[in-house]
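Written below as structure tokens is the structure these notes are about.
The values are calculated or read from the model by the stated rules, or taken from the named source; none is laboratory data. Everything numeric here is computed off the predicted structure, so don't read it as measured data. Quick reminder, even Gly has a Cβ in these numbers, built from the backbone with ideal geometry, and neighbours come from all protein chains shown. Please note that ligands, DNA and RNA were not included when accessible areas were found on the heavy atoms of the full protein model with its side chains. Shrake-Rupley method; radii C 1.70, N 1.55, O 1.52, S 1.80 Å.
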Amino acid sequence: MGMEIIFRTSLTFVENSGMKIPLQGNRLTFFPGAILVAVFMLLAPAGQRAEKVPDNPCFIITSTLSFPGISFRTGGAMGELEMVIIPLKRVGNLFMIEAKIDDETGNFLFDTGASQLVLNTTYFRKYITIDETEARGVTGLTGSIRRTTVKRMQVAGLIYNNITADVTELGHIENRRGVKVLGLFGLSMLKGLEMVIDLKNNELRLYRLDKDGNRIGAHREEFRADITAKVVEYHNVLFMKARIGGKELDFCLDTGAESNVLNCYAPRKVMSTVTILRRSDMMGVGTDKAEVLFGDLNDFNVGEHPIPGMQAIIASLNALATSYGYPIDGMLGYDFFSKGKVCINLVKNELKISLNKAGKN
């Protein structure tokens, strides 16, 4: 029995009691061959009773669809501008950027988990296709992804010319949120820049950098941070380390994920710090639904700095980590980015957080 679910961007499969269930999500993530990964969570509370994590608590994400993607880098999109402010439109726990491609204007999901620009087939089906590839998953052929060239794209003060984009179906995002979505605005669109993600004020600030990763001109002032950490870029996806229960873990940074995710096969010391708040339903496109666990991460730390109030879905990410070729202990989505202003320097590979202060709007 099939079921479509979403919490990250890619077509993903989960397994429970020997039954594999395809999950379709809202992200395209490209790795040594490009990986489409996404799942959108609808959490239905089933009481607020806290409980311990059971021995076999969760669904298992077993594999993702692979595509022979391309490595794409943009350059000079800011021109001579030193700083650009892009308004973010909030739709649930997702954030949209308004952009114009050729003569089409509309919303793009701001998604650092997507490696590059992705277009929705619904609005770009007439574009000339460079080539076409069948997507293969554990159940065989499951869809296709096409590649095209966009002559011109404008986002606030940014201008991109002759950029390569993937074209695929994104109707599941539109159906879930009731909003027109032209595509995904992925990480490669921000290469060589510093971004400040401010969800509290619904804006994304971009800064042009010199070759050493320092801001240029009148905006050279440093970002005032409470927390500083290193990030690793691997195949156009960002990872950082955090500690839970004294154990250092690897997390993927994903602005397109509506919820954090913690691997249920994390070390026992990690899982012992998690308080399960409820069992939640992940709803599919029909009447099907799956029950997962949702809990508090009571001991989440970046460096020596605790970040309170972090919550996460508990799911297995072991097989997904194997697909990526990179250890994944969890994903950091909306819950993480909403804790304060998050600054990511894509030249210095550095992340800084200015935490929201209590009592301030």
Q | Rough spin-label spacing in nm, given labels placed 7 Å along Cα→Cβ, for Arg220 and Val232 | A | 3.4 nm
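Tyr326 to Leu355: FRET efficiency via 1/(1 + (r/R0)^6), r the Cβ-Cβ distance, R0 30 Å, to the nearest 0.05? Mind showing how you got there, number by number?
Working: r = 27 Å, r/R0 = 0.91.
It comes to 0.65.
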Q: Scan segment 210-250 for chymotrypsin sites (Phe, Trp or Tyr not before Pro) in coil per DSSP, keeping those whose Cβ has at most 15 other Cβ atoms within 10 Å, and list them by number.
A: Tyr234
(Q) Just to verify a number: FRET efficiency for Asn175 and Glu248, C-beta to C-beta distance, R0 = 41 Å, to 0.05? (A) 0.55
Q | Label-point separation, Leu81 to Ser338 (7 Å along Cα→Cβ), nm | A | 2.8 nm
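Quick check: with the 1.4 Å probe, what order do Ser338, Ser188 take by accessible area, largest first?
Numbers: Ser338 35, Ser188 0 Å².
Result of the area sort, largest leading: Ser338, Ser188.
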Q) How far apart, in nm, are two points set 7 Å out from the Cα along the Cα-to-Cβ line at Lys200 and at Lys89? A) 2.5 nm
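Among the listed pairs Lys100/Lys191; Lys200/Lys341; Lys241/Lys352; Lys89/Lys341, which have their C-alpha atoms separated by more than 18 angstrom in this model? Provide the component values of the computation, followed by the final result.
Numbers: Lys100/Lys191 20 Å; Lys200/Lys341 8 Å; Lys241/Lys352 13 Å; Lys89/Lys341 16 Å.
From the list (Lys100/Lys191; Lys200/Lys341; Lys241/Lys352; Lys89/Lys341), the Cα-Cα distance tops 18 Å for Lys100/Lys191.
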